[in-house]
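Take a look at the structure set out below.
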Amino acid sequence: MSEIQNQTSNQEPEIVATPIKKTLSVKQGSKMAKLIEMLEMPDGTTIKQISAELKWQKHTARGALSRLKTSYGILVVNDKLKDGDRTYRVSV
């Protein structure tokens with residue numbers, strides 16, 4: 001057993017690098033900038049409002065909301081309304 005311990009102790013420790021989080025900037029006047037603006041409103045916004053304003057399909061709007069966290073580091077929270085819709089807004 002001492003040989004095994006000696007062999008493992010002679011090896012250099014494995015270096016694990018933490019991944020660098022890539023952050024993107026939002027271009028002024030872009031649809032993503034408009035989306036963030038809508039999410040920053042006190043009452044938030046719904047998928048229907050996002051789709052109408054940005055002329056996106058509903059699945060595109062949901063995908064863009066998902067991308068905000070992964071690419072831009074913006075956390076979006078949602079609340080369910082009585083009529084079944086959800087409002088989305090930027091978490092403070």
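A few comments on the model shown:
- Residue selected from the range 20-41 under the condition within 18 Å of S91 (Cα to Cα) and free of Cβ contacts under 8 Å to residues at least 24 places away in the same chain, by the criterion surrounded by the most Cβ atoms within 10 Å (Cβ to Cβ): M38
- The number of residues in the range 66-92 that are without any contact (Cβ under 8 Å) to a residue 24 or more places away in the chain, of a type in the set (A, V, I, L, M, F, W, C) and in a helix (DSSP H, G or I) comes to 0.
- Test for R67: is it among the basic types (K, R), modelled with pLDDT of 85 or more and touching a Leu at 6+ places or on another chain (Cβ under 8 Å): no
The values are calculated or read from the model by the stated rules, or taken from the named source; none is laboratory data. Computed from a predicted model, the values in this text were never measured in an experiment. As a convention, Cβ positions derive from the backbone with ideal geometry for all residues, glycine included, and neighbour counts pool all protein chains shown.
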